[in-house]
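Any read-out appearing in this document is the output of simple, stated calculations on the displayed coordinates, not a laboratory observation. Note that the structure is predicted; figures quoted are calculated from it, not measured. Cβ coordinates were reconstructed from backbone atoms using ideal geometry, including for glycine residues, and neighbour counts include every protein chain displayed.
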Amino acid sequence: MNKNNTERELSVPATCPPRYRALAVELTRQLGSSADPFPSRVPFRFPEECVSVLVETTSGLPVAWHCIDEKGPGEPEASEAIVLALPEEATLAAWFRVFLAEVNEVDPIRAPQPPPRVEHLWDWHTPEEREHETRIAEIAHKIRDLNAEQARAKGRLDDATQIANAGIRRSIWADGDDLVAAIGEILSCLGFVVRDIDAEREHGEQKEASHSYW
């Protein structure tokens with residue numbers, strides 16, 4: 001690391017891998033707004049042809065870089081190393097997500113696909129936290145079921161109320177012929193034989209002053 005760098009202008013070189021370009025552009029904005037000079041990072045342990053500079057200064061000093069170092073068949077053990085060198089200002093979670101996806105392409109068995117949102121805290125919950133999350137989700141599911149059952153029960157109650165209001169209970173607030181019909185229904189329920197005399201009269205014939213039920 002070269003901490004004596006005083007250059008303040010940065011750029012993303014054309015050799016930056018496409019998967020990291022958007023992050024590199026964002027990193028240049030972050031570093032450009034900093035009041036302190038940013039150090040450059042020299043990849044001295046890796047062959048130059050294996051290194052891709054992600055962000056560099058105007059004179060070409062690497063500030064962030066990426067490296068894929070492959071060991072050939074003659075090496076003791078064939079392997080591939082992927083390295084990211086980033087300044088402290090980098091949003092590590094966002095970079096780590098892309099990095100994991102790249103490692104997955106190399107070794108999908110030991111490096112599964114990264115979670116969809118590694119930048120959020122809940123992507124890193126412990127098994128105990130996930131157990132509580134599961135329980136909360138189960139409770140929420142039961143609440144939704146109960147709310148749905150409550151809505152259905154309210155609908156059935158409304159239907160029953162309409163039927164009851166149209167029955168003998170209307171005698172509480174009805175008047176006129178509707179009240180007469182309601183009282184007749186009540187008497188029928190009590191076992192009386194009900195005859196509406198006025199209903200039996202001819203058209204134009206005078207009605208009774210009072211109603212009689214038999």
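What whole number of Å gives the distance from the Cα centroid of segment 139-172 to the Cα centroid of segment 11-26?
62
Suppose the chain between A174 and I109 were pulled fully straight at 0.36 nm per residue; how much longer would it get relative to their current alpha carbon spacing? Each step should come with its number before you reach the end.
Values: separation 65, 0.36 × 65 = 23.40 nm, distance 7.87 nm.
Length gained, A174 through I109: 15.5 nm.
Starting from the 7 Å offset along Cα-to-Cβ, what nm value, one decimal, do you get for the label separation of Q150 and E49?
Result for the modelled spin labels: 7.1 nm.
Under a Cβ-Cβ cut-off of 14 Å, what is the net charge of the residues other than L187 that fall near it, where Lys and Arg count +1 and Asp and Glu count -1? Let's see the in-between values first.
Working: positive: R195; negative: E185, D196.
So the surrounding residues net to -1.
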